[in-house]
């Protein structure tokens, strides 16, 4: 399956038979078989989409996402047939007031902490025998993050009452993680530490862009699983904000986005960014290719090779089955490295 990404002003997405037709100024027309498209991403303004193209996307279950030029989602068109089962959403709302809500919130952070630790350990391997001091620091800090996980098991109660304690554990892990992770970034980028949502440096700009793309994937996954993307557990409700999506992103952030940014920090150059640290058009192409390449990557998980993007959807389905009482617990995505 493929993804259509349009970011040039004046671009037009239409329909030609059973194909999506893309036209850009001074460029040859491009035809893409509709049956091979899974998502259409519109980045920026001045881009048009025909009603025929929208109708074909609806018939084939293709999501259309409208986002800012820098990836922040603004609106989505989803197939009208997707609405989720009533039972799943009812149980999702009920779970907020019982033990399931807190269990999910703790599981999301448990997965995040494990993956943060795993990422640090995976990078530490290359320094063993060469830079023993740095190798030791990464190993010790990853261990400190893992040591926080049992604290989650001690937290009992409804999610409304224990949310701050869960986020406190997450915050302790984040302090260790970002302080250590920053040493993976070349000094010339001058990464000051995690700063969001308005990035004032190049590395945070890359992180935010990657998280926006991950957000789109998780949002689609929750919807296909029949969940309400706005009714979260870990993150407190806010009008218009998809809190379940933010919840489910947590376990994927280190291995889908943070890992890729380490590589981009060595590939990209200052010329790929504007003065305000936002990416140029060429920078966007490099970053988009890296992040989507990661989402389409095969990894070994639960004894079989799977595409990472499909794992995200599988995890959303697992949340739904847990809420419906079809499984005893939710196990976060924590592959071996």
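Throughout, read-outs are computed from the coordinates displayed, never taken from laboratory work. Please read all numbers here as calculations on a predicted model, not as lab measurements. Methodologically, a virtual Cβ is constructed for each residue, glycine included, from the backbone with ideal geometry; neighbour enumeration extends over all protein chains shown.
Values of log10 I(q)/I(0) for the range 2-77 across q = 0.11, 0.15, 0.21, 0.23 Å⁻¹ run -0.23, -0.44, -0.89, -1.07, by the Debye formula with one identical scatterer at each alpha carbon and no solvent. Fully extending the segment from residue 327 to residue 50, taken as 0.36 nm per residue of separation minus the present Cα-Cα distance, adds 95.4 nm.
Return the FRET efficiency for the residue pair residue 164, residue 16: r is the Cβ-Cβ distance, R0 is 56 Å, and the value is rounded to the nearest 0.05.
Details: r = 54 Å, r/R0 = 0.97.
Rounded to the nearest 0.05, the efficiency is 0.55.
Our note on the geometry: Cα centres of the range 254-316 and the range 13-59, 24 Å apart.
Would you mind calculating the gained length between residue 99 and residue 85 on full extension (0.36 nm times residue separation, minus the Cα-Cα distance), in nm to one decimal? Intermediate values should be presented prior to the final figure.
Numbers: separation 14, 0.36 × 14 = 5.04 nm, distance 2.18 nm.
Full-extension gain reported as 2.9 nm.
Taking the beta-carbon count within 10 Å as an exposure proxy, list 58, 276 from fewest neighbours to most.
On the way: 58 17, 276 9.
Going from least to most buried by this count: 276, 58.
Here the residues 15, 125, ranked from fewest to most Cβ neighbours within 10 Å of their Cβ, fall in the order 125, 15.
Within the range 30-146, the proportion of C-alpha pairs whose separation exceeds 25 Å stands at 60%. Ordering 317, 107, 68 by the number of other Cβ atoms within 10 Å of each residue's own Cβ, fewest first, gives 68, 317, 107.
Using a Förster distance of 30 angstrom, determine the FRET efficiency expected from the C-beta separation of residue 172 and residue 198, and round it to 0.05.
Details: r = 24 Å, r/R0 = 0.82.
Computed FRET efficiency for residue 172 and residue 198: 0.75.
Taking 31, 227, 323 as the candidate residues, the one with maximal mean-square fluctuation in a Gaussian network model of the chain, Cα springs under 10 Å, is 31. With a cut-off of 19 Å, note down the residues of the range 300-337 whose backbone N falls inside the zone around a label point 7 Å from the Cα of residue 156 toward its beta carbon. Residues passing the 19 Å test: 329. Taking 0.36 nm per residue of separation and subtracting the current Cα-Cα distance, fully stretching the chain between residue 122 and residue 31 would add 28.6 nm.
What's the FRET efficiency of residue 182 with residue 303 using the Cβ-Cβ distance as r and R₀ = 30 Å, to the nearest 0.05? Provide the component values of the computation, followed by the final result.
Numbers: r = 34 Å, r/R0 = 1.15.
The value I calculate is 0.30.
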